[in-house]
């Protein structure tokens, strides 16, 4: 296709979000190109988890590298005595899976190939609409020019073109992890640990610092993945602190790292505001603030939400062949962030604001209560499949069943909390 030709869609980015939306749009019969500053076939560095029920509903369980049924968390303070109730796990009674990164990437690359997606390399720099607003024109750092009826920015949490309002400090979830071999199993055989908040390896003074937890799993064959994680903080917990805490946690339980196969460094924003939904560029993935504020997960949301967005864009192009870029982008934004999801986003961010103020003791008590809720309530909350009324019922039940220390932390309004509750009722003029 010549540089002067106008494609239906130009997707920016080369990660999971970009491949996902490009594949979905091409699956609707649109002409699609993907522009990335690097080869989108290059291996991804990070791991991606998902609940078993979630991946089963998507029909993609074959893309999992590992799947665990023995899924637990630890919310006691911990002690040196294994029989101490403080070491008792909270079972989750739900499967959890880890994607095979290569298989997931290839799944989308194959779909892109079937749909005729052009893979282009270049760094997007300038964007403008043509004089009639009929298409978007994008220039790259090397001087190339691309035209498309719609540009989709899927370049991550610091997008190239998508605009967001400034609503204060952005909290980041930070994690440092190791895939490797250890002198003793850091978790039980065939076990997946969602959250281990035991803190008996820390001094009383350290327990007053921002709390962190262990996310860990048995990968089989004597290999394990262990990761020290901070739920969310602004500014985020430094990697050096997370690494030190992980090493101390393992040493406290008599475990030494014997071989490191892979180090993982994760940092992503948890409370980004929704973008301006009137702008003529459509966002997707981190660029569109799609990270779940309650869990930090996004891949399941990408897989669920890409098809309806692609269907709306394709449907509008068929129904209104002369629809301009702004019209197409706004239709895409409404499909991506309908009223219900915007309200849920505000509610989740409201809850996160509360949790970021919690002490280590309050967080342990909060999550112990949260995971004692009926399975459908806590799962629907974390998987973002519950409705707003269902979320409110779950939150009210949690408040009624939580200990007083948690209730005290949940009462009162501070900082951005009143504004977030206001957006629950009126999700925003930009929407």
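Values quoted throughout were computed directly from the atomic coordinates according to the rules given, and no laboratory measurement underlies them. Values in this document were obtained by computation on a predicted structure and should not be read as measured data.
Here are some notes:
- Each semi-axis of the equivalent ellipsoid for region 103-182 is √(5λ) with λ an eigenvalue of the Cα gyration tensor; in descending order they amount to 31, 23, 12 Å.
- Nearest 10 degrees, 0 to 90: helix 101-114 Cα axis against the chain principal axis: 20 degrees
- Scaling against 2.2 N^0.38 Å puts the C-alpha radius of gyration of the chain at 1.02.
- Region 253-268-region 150-195 distance, computed between alpha-carbon centres (Å): 15 Å
- Shape call, region 171-267: gyration tensor on alpha carbons, a/c limit 1.5: prolate
- Subtracting the Cα-Cα distance of residue 86 and residue 413 from their residue separation scaled by 0.36 nm leaves 114.5 nm.
- Between region 320-344 and region 197-244, the Cα center-to-center distance that results, in Å: 39 Å
- Computed from Cα positions, the angle between helix 325-336 and the longest principal axis of the chain comes to roughly 30 degrees.
- Contour minus Cα-Cα distance for residue 392 and residue 39 (0.36 nm per residue): 122.7 nm
- Rg/Rg_ref, region 285-407, where Rg_ref = 2.2 N^0.38 Å and atoms are Cα: 1.31
- Degrees, to the nearest 10: 239-252 long Cα axis against longest axis of the chain: 30 degrees
- Distance from the Cα centroid of region 401-429 to that of region 25-99 is 29 Å (rounded to whole angstrom).
- The fraction of all Cα pairs in region 221-365 landing in successive 10 Å bins from 0 to the largest distance is 9, 30, 26, 19, 11, 4, 1, given as whole percents.
- Counting all C-alpha pairs of region 340-425, share separated by more than 17 Å (%): 46 percent
- In a fully extended conformation the segment linking residue 58 and residue 244 would gain 63.2 nm over its present Cα-Cα distance, using 0.36 nm per residue.
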